[in-house]
Amino acid sequence: MTPRRGSDDIRINPSILAADFVNMQAELARIAGADFVHVDVMDNHFVPNLTFGPQMVGRIQETSPVPLDVHLMIDAPDRWAPGYAELGAASVTFHLEAAAEPVTLARRLRAIGARAGVAIKPDTPAEGLYDVLDEFDQILVMTVEPGFGGQSFRAETMPKLRALADEARRRGSAVWLQVDGGISASTIDQAAEAGADTFVAGSAVFGADDPDAAIRALRAQAQRHAH
């Protein structure tokens, strides 16, 4: 019987894709109770959308009340990801599908001082990560196709997440399991039950009248369903 997770083991990372970009500093202040702020970097190549680059991420780093969880949806992360760690991001996640040498890149990110994360798209198998789980601090299982916020949660990704969680427990790995895409009060239960401990939520947080209250509610809900 695996012990239930405590409050320190559940993380809520609001995605600024759902924030008001014109008032970013004020928006960041509204989520001071979050564990991290999730920053999606898109290059219009790996995904068909364009968001922030290093300059904007650097400014967010300077003004955010919580650490940055940077998610790179970009080509050539082996070249570009270390720069985001050097900006001071607490966590930098790159896509397995885009990296030439994922383990080497993760080690480089860790050497700079960031947590190293690897993300997989909904249709990417997870089995290739089993033997290298401890090379990463976080595995992000995308629960939508990356590129745009506001998409519907894909429940068919849950067996993959559950298998990753089982494998991590079997190996005694401390890797965090993150989900991103369509996470809200109506879907977080499924993801927590499947083994996620780190949740990216966009409109469910920034669309609320009181984002910090929404964060607390989501965290409590995930704790009730975590194993």
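Readers should treat all values here as calculations from the given coordinates under stated rules, not as data from a laboratory. These numbers come from a predicted model, not from an experiment. All Cβ positions, glycine included, derive from the backbone under ideal geometry; neighbour counts span all protein chains shown.
Values computed for the structure shown
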| quantity | calculated |
| --- | --- |
| Projected label distance in nm at Asn23 and Ala213, using a 7 Å step from Cα toward the beta-carbon | 1.7 nm |
| Alpha-carbon centroids, segment 64-91 and segment 198-215: separation in whole Å | 22 Å |
| Rounded to 5, percent antiparallel among DSSP beta bridges of the chain | 5 percent |
| Computed lengthening from Val66 to Asp189, 0.36 nm per intervening residue step minus Cα-Cα distance | 41.8 nm |
| 222 nm mean residue ellipticity, helices alone, for the chain (DSSP H n ≥ 4; -39,500 (n - 2.57); rounded to 500) | -10000 deg cm²/dmol |
| Ranking of Tyr84, Tyr130 by count of other Cβ atoms within 10 Å, fewest first | Tyr130, Tyr84 |
| Segment 66-126: Cα Rg divided by the 2.2 N^0.38 Å rule of thumb | 1.02 |
| Packing rank of 162-175, 135-148, 9-22, where each peptide gets the mean count of other beta carbons within 10 Å, highest leading | 135-148, 9-22, 162-175 |
| Mean Cβ neighbour count within 10 Å, used as a protection proxy, ranking 33-39, 122-128 highest first | 33-39, 122-128 |
